[in-house]
Amino acid sequence: MLDQQPILEVEDVSKSFGGVQALKSGSFKLSRGEVIAIIGANGAGKSSLIKIVAGVYKPDKGHITIKDTVIDPMHHNVGYMRQMGIEVVYQDLAIVPNMTAPYNLFLGRIPRKFGIFVDERKMRKKTEEVLAELKVKTVQSLSRPISEMSGGQQQSIAIGRAIAWGKEIVILDEPTAALGPNETKEVERVVHEIKDRGTAVILISHNLEQVFRLADRILVVHHGITSKEFQKTEVTIDELVKAITLG
Amino acid sequence: MTIHEKTNEIKSQESGGLFQNLRNNGLSDPQTRTKMMERLRDNVPFIAITLVILLFWGISGDRFMSLRNWTFIAQQTPVLLLLAFALLLVVTTGSIDISVGSNLGFSAYMAALGMLWFGTMGFLVGIFAGVLIGILNGVIFSLFKISSFVTTLAMLIIVRAVLVIVSDGRSIYVSDQPMSNSNITSIEAKWLLDLGQFPHILYVSIAITFLLWVVYEKTIFGQQLKALGGNEKVLRLAGISVTWFKIQVFAAAGFMVGLASFINLARSGAATVQAGQMQELDAIAAVALGGTVLTGGHGSVLKTVVGALTLTIVANGLTIAGVPPSWSMIARGVLLIIAIAISLNRKQIDVVK
């Protein structure tokens, strides 16, 4: 089936920092409209794995294929990956707090007028659209720093950015760790919408119940190796916990 | 800020206020107080300059509040103002440049040398020298990852030494007529001396201020400055080339210093080895008095103008009041600390190093 053609293929990638091997061997595949959850203990290598996919780190070995294109190590950077349609929402590093919501939504893609000026009208319009799409209504002012908004609203701007430009893959790194129950529900609803649109989602979460609510497949990272992979329908929480702790 | 934004802001403030009142039901006192403190903090530069003017008017009366004295202040401020602009660019990103004083002396000397060699347009050599020092600062700081304070401290020393070597301790004078004395190196440039006088110097300053305001508030570059001061890591993760941008920032600051050095040459009529000495401190003080937080992320061109003016007025007012120079310095130092103390939101600070 055409739909089953993987949009992302990660093959045996590894990454070391100085003498520490953060990721020994990471491999997985991802199809359109699929949600894969990556779970593992702290320091297991989840973060390194997604940062390689996001273009932050170049893998020491192994390679990544996106839409049948093998990524040339020369091009392996964030800018290129974002061009390829990959967006990430980082847990603590999603927004620039002193800037406005429109700036944060357009982070790294500020629309220009005459080459050097900021096209503020375009940014404002798009921000209003995205906020409406995400059903966020209580944003006080688009010309104030985003740090004046609630944590949930800040997160929705970050997710809005991922949705707006992550046409192929959206990576969510603990997207609800800092949110209350209602906001968490909102984010989960959005994840379903992204999935329905045909975008693939990579979710990192410590909340196993959430993983079961959202993911189609679950990938376990243990001591730097993507050791096990489960279909959500054929695994229990107990088995997952066992896989996280024992590999 | 457009009218649309303004109305939106007012609307949001209104709705925010209403919402808060409903929610807190009269217990909103601490929040109201925080808001008022914030508003006060926003307006510190304007309050400070008003108080300072009133104070010296009270002390010295018409000797301070005369057209002649204000013309003098208008002539005194521009060099400090442009240096403060250079620092504003750097401080907004959360870094600092303390080499601007040395750079000023060096660039002014290079401008004079350039005019000696190439005639009128030779002054561009000075601007170029300023940019070059800025780029050097930026490269050492950004590529070699040496903190901006250490980098520019080293440059402060090195550039001054280079100036001493290049000039051999001799000054170059600007004159409005051919000089017959061959012991003095001089350039004939009446236009330059005219430029250093009121009102031309004021027009030039206003034009530069306006251009910088456009750059700071309306361009991608200006926006990036503030974002870099907000959270560099987020920018890096978003694929923005921070390393290259930081070099641009220091180059832009160097350009501002180049302009300042040119004005300084016009104003003082000489390129000397001492030019700009200790001026980095005045420039930092002007930026701080302008309400720019030294940790970066925020800043205002207009308030920096107010900061530079305040500092000039204080120096001027103290002189007119007959205060000895050393006491005047002490007063300015104290003023700096008070300004920073008010502009900082101490609740948000965990660690002070």
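No other residue among B:Ala288, B:Ala266, B:Ala260, B:Ala253 is closer than 30 Å to A:Gly79 by Cα, assigned to a helix (DSSP H, G or I) and not polar (S, T, N, Q) apart from B:Ala253. State which residue pairs qualify: first residue under 14 Å from B:Ser205 (Cβ atoms) and inside the stretch B:59-79, second residue aromatic (Phe, Trp, Tyr) in any location, beta carbons under 6 Å apart, and separation of 6 or more residues or different chains. Short answer, once both residue conditions are applied: B:Thr71/B:Phe198; B:Ala74/B:Phe198; B:Gln75/B:Phe198. Answer with yes or no whether A:Val187 is of a type in the set (Val, Ile, Thr), under 19 Å from A:Phe28 (Cα atoms) and touching a Ser or Thr at 6+ places or on another chain (Cβ under 7 Å). In short, no. Evaluation of A:Ala37 against the conditions (1) assigned to a loop (DSSP other than H, G, I, E, B); (2) farther than 28 Å from B:Val242 by Cα; (3) under 14 Å from the mean Cα position of the chain (by Cα) shows that the sole unmet condition is (1). B:Val150: more than 14 Å from every other protein chain (Cβ to nearest Cβ), over 23 Å from A:Gly108 (Cα atoms), of a type in the set (Val, Ile, Thr) and buried (at least 21 other Cβ atoms within 10 Å of the Cβ), yes or no? No; evaluated as a whole, the condition is false for this residue.
For the condition away from every other protein chain (no Cβ under 14 Å) and not in a helix (DSSP H, G or I), B:Val174 qualifies. Report yes if B:Glu232 is of a type in the set (Asp, Glu), in contact with a helix residue (DSSP H, G or I) (Cβ under 8 Å, 6 or more places away or on another chain) and within 11 Å of another protein chain (Cβ to nearest Cβ), otherwise no. Judged against the criteria, B:Glu232 is a match. What about A:Ala94, is it at pLDDT 90 or above and under 30 Å from A:Ser141 (Cβ atoms)? Judged against the criteria, A:Ala94 is not a match. Cβ-Cβ distances below 7 Å connect the following pairs, each with a first residue in the stretch B:235-248 that is within 12 Å of chain A (Cβ to nearest Cβ), a second residue that is assigned to a helix (DSSP H, G or I) and among the β-branched types (Val, Ile, Thr), and a separation of six or more residues or different chains: B:Leu235/B:Val242; B:Arg236/B:Val242; B:Leu237/A:Val78; B:Ala238/A:Val78; B:Gly239/A:Val78.
This table checks each residue for (1) in contact with a strand residue (DSSP E or B) (Cβ under 6 Å, 6 or more places away or on another chain); (2) at pLDDT below 95.
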position	(1), (2)
B:Val215	no, no
B:Lys218	yes, no
B:Leu228	no, no
B:Ile240	no, yes
B:Met256	no, no
B:Val287	no, yes
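Residues that are under 16 Å from the mean Cα position of the chain (by Cα) number at least 1 in the following strands (runs of 3 or more DSSP E) confined to the stretch A:149-247: A:169-173, A:200-204, A:217-222. Within the stretch B:191-227, the set of residues being within 9 Å of another protein chain (Cβ to nearest Cβ), part of a helix (DSSP H, G or I) and over 30 Å from B:Trp70 (Cβ atoms) comprises B:Lys218, B:Ile220, B:Phe221, B:Gly222, B:Gln223, B:Gln224, B:Lys226, B:Ala227.
The values are calculated or read from the model by the stated rules, or taken from the named source; none is laboratory data. Note that the structure is a prediction, hence the values are computed from the model and not measured. Reconstructed Cβ throughout: ideal geometry from the backbone, glycine too, with neighbour counts over all protein chains shown.
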